[in-house]
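Contents: one structure, followed by commentary.
The values are calculated or read from the model by the stated rules, or taken from the named source; none is laboratory data. Predicted, not measured: the structure shown is a model, and the values here were computed from it. All Cβ positions, glycine included, derive from the backbone under ideal geometry; neighbour counts span all protein chains shown.
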Amino acid sequence: MTHNRRKYLWKTLTDLYGPICFYCKRDLKVYRFDDSRKLDDRMTIDHLWPVSKGGKHELGNTVLACLGCNGKKGSKTYDEITGIISFGLA
Ligand SMILES: [Zn+2]
């Protein structure tokens, strides 16, 4: 994963869905790379099918998620987290 490829993925996901968490729909904020605070609204990339289980780091398997939801999801799959995270569908 090169830096450019990573940047491309972030930009494409933001263009497609807006800077919004896939799970809880909150607005995401981009913090400086050297800002390592664990802020809940921090924009992260989440893998629907976890990399640890063979998921690819590419469009189609990635969504934007806040650090809060990403942390809750961990290495679980999309199916496994249903019921754990509010999807903002109410
Ligand atoms: Zn979220």
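For the criterion of being within 20 Å of ARG5 (Cα to Cα), more than 10 Å from the ligand (Cβ to nearest atom), touching a helix residue (DSSP H, G or I) at 6+ places or on another chain (Cβ under 9 Å) and of a type in the set (Val, Ile, Thr), VAL51 fails. Contact map, the range 46-66: first residue more than 20 Å from LYS25 (Cβ to Cβ), second residue of a type in the set (Ser, Thr, Tyr) and within 16 Å of the ligand (Cβ to nearest atom), Cβ cut-off under 8 Å, separation 6 or more or different chains; pairs are TRP49/TYR78.
Which members of the range 1-18 meet the condition of being of a type outside the set (A, V, I, L, M, F, W, C) and at pLDDT 85 or above?
Once the filter is applied, which keeps residues that are of a type outside the set (A, V, I, L, M, F, W, C) and at pLDDT 85 or above, the range 1-18 yields TYR8, LYS11, THR12, THR14, ASP15, TYR17, GLY18.
Kindly indicate the residue of the range 1-43 that is of a type in the set (Val, Ile, Thr) and part of a loop (DSSP other than H, G, I, E, B) and also farthest from the ligand (Cβ to nearest atom) among those meeting that condition. Here the residue is THR2. Within the range 21-47, the set of residues being closer than 17 Å to ARG6 by Cβ and either among the hydrophobic types (A, V, I, L, M, F, W, C) or surrounded by fewer than 15 Cβ atoms within 10 Å (Cβ to Cβ) (or both) comprises LEU28, VAL30, TYR31, ARG32, PHE33, ASP34, MET43, ILE45.
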